[in-house]
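Right, one structure below, let's go through it.
Quick note: the coordinates plus some simple rules give every number you see, no bench work behind them. Just so we're clear, the structure is a prediction, and the values are computed from it rather than from any experiment.
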Amino acid sequence: MASAIDFRRLLLEERRRARREARGAAASPPPASASASASASASAPAAPPPVPPVPGEEVPPPSHLPPDVPAALRPEAHSLPPERVGEVHYVPEYLPPSFARGLERWLLSLPEAGGGEGRAGGSGPGPGPGPGPGPGPGPGPGPGPGPAGRWTRLRHAGRRVALFDGRRIPLPPPLAEISASLAQGGYFPASHPPNHVLVNSYGPGGGILPHTDGPAYLDRTATASLGGDAVLRFRRRLGTDEIGLRSPGEEEDGGGSGGGGMDVLLSGGGSLVVFAGDAYSRHVHSIAEAGASGGEPLAETTSGRCGNCPPGVVVRRDRPRISLTFRHKLEGAD
Ligand SMILES: O=C(O)CCC(=O)C(=O)O
């Protein structure tokens, strides 16, 4: 099944890259002065990060999403040029700032899988592996992320994930409200609201390799972003006759506006990006690692491919980031 192949390939690539980086780090001494931040940033000024929860602190989920949020969504008002990769919408200020900060703090307080501290989050037996049959985005051919609402650290990918599978355990209130708003706002059919939420927690500069979300889901994904900014890249998926000749997501990646694909600058202040149809199935999406070699600044500069910003914007990547991906997992997809 394509989802299994895609997620497996993502995991294998992440593992390969971790090994390459470990070899590289052993071979070369660290640079004399590594800059930890970009010299300038043209992206929206970042809100101060929330006070991190202390281990074991009980952090309540944020209070209700204001009732006007779904009405403000209006897909037609937030479309990015459809001729680039298909249907992509971007809503810069989807989550109200106080809700976004409360959500970020609550998510940070989720317990780690396999024990550890933390109080908030789901409970009970976990939903098992992540998206797609196979290992999901978990640490490899092991159990994958779970139980519900607990952080699992991906050893080879440098990020943590927490899964909420609403088909098995009702989504916690803030996630249920966001899910309902996405259906009421017209981004998901009322018959197929999001029922599955994968939360990714990245360190500064952290990214995710090119992948698709696969056919285990309705062909649309909605992602809310908290914390640091990032650039989400869409690139055409390779045809079977191209596999082995080119790398997925690398095609025509020269940075000009003429090449295929599209980039979307994601504000960490509670923005929403939704992609569907061809953007979902015929393109891979990814976030580049910033500062991977240790000597580069934790920043990236947008190109002419950016669908929601001009070229030349310096995007700071020096803050941790949390993304919440809302999807509808199809019946019988496990
Ligand atoms: O962090 C993001 O915005 C992207 C996450 C993603 O692509 C995924 O979970 O499949």
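Between amide H atoms placed 1.01 Å from N, distances below 5 Å from TYR94 occur with SER271, LEU272, all of them 5 or more places distant or on a separate chain. Couplings for the stretch 278-289, taken from phi via the Karplus curve 6.51 cos²θ - 1.76 cosθ + 1.60 with θ = phi - 60°, read 4, 4, 7, 9, 9, 9, 8, 10, 7, 10, 6, 6 Hz in order; Gly and Pro are left as x.
Rounded to the nearest angstrom and listed largest first, the equivalent-ellipsoid semi-axes of the stretch 154-239 from its Cα gyration tensor are 23, 17, 13.
Less than 5 angstrom separates the built amide H of GLU112 from those of GLU117, TRP151, all sequence-distant by 5 or more or on a different chain.
A full extension of the chain between VAL54 and HIS192 corresponds to an added length of 46.0 nm, given 0.36 nm per residue minus the alpha carbon distance.
What the phi angles of the stretch 81-87 give under the Karplus curve with 6.51, -1.76 and 1.60, with θ = phi - 60°, is a coupling list of x, x, 6, 6, 9, x, 7 Hz, glycine and proline written as x. Less than 5 angstrom separates the built amide H of ALA299 from those of GLY291, ARG317, all sequence-distant by 5 or more or on a different chain. Computed 3J(HN,Hα) for the stretch 329-334, one whole-Hz value per residue from the Karplus formula 6.51 cos²θ - 1.76 cosθ + 1.60 where θ = phi - 60°, is 7, 7, 4, x, 7, 6, glycine and proline marked x.
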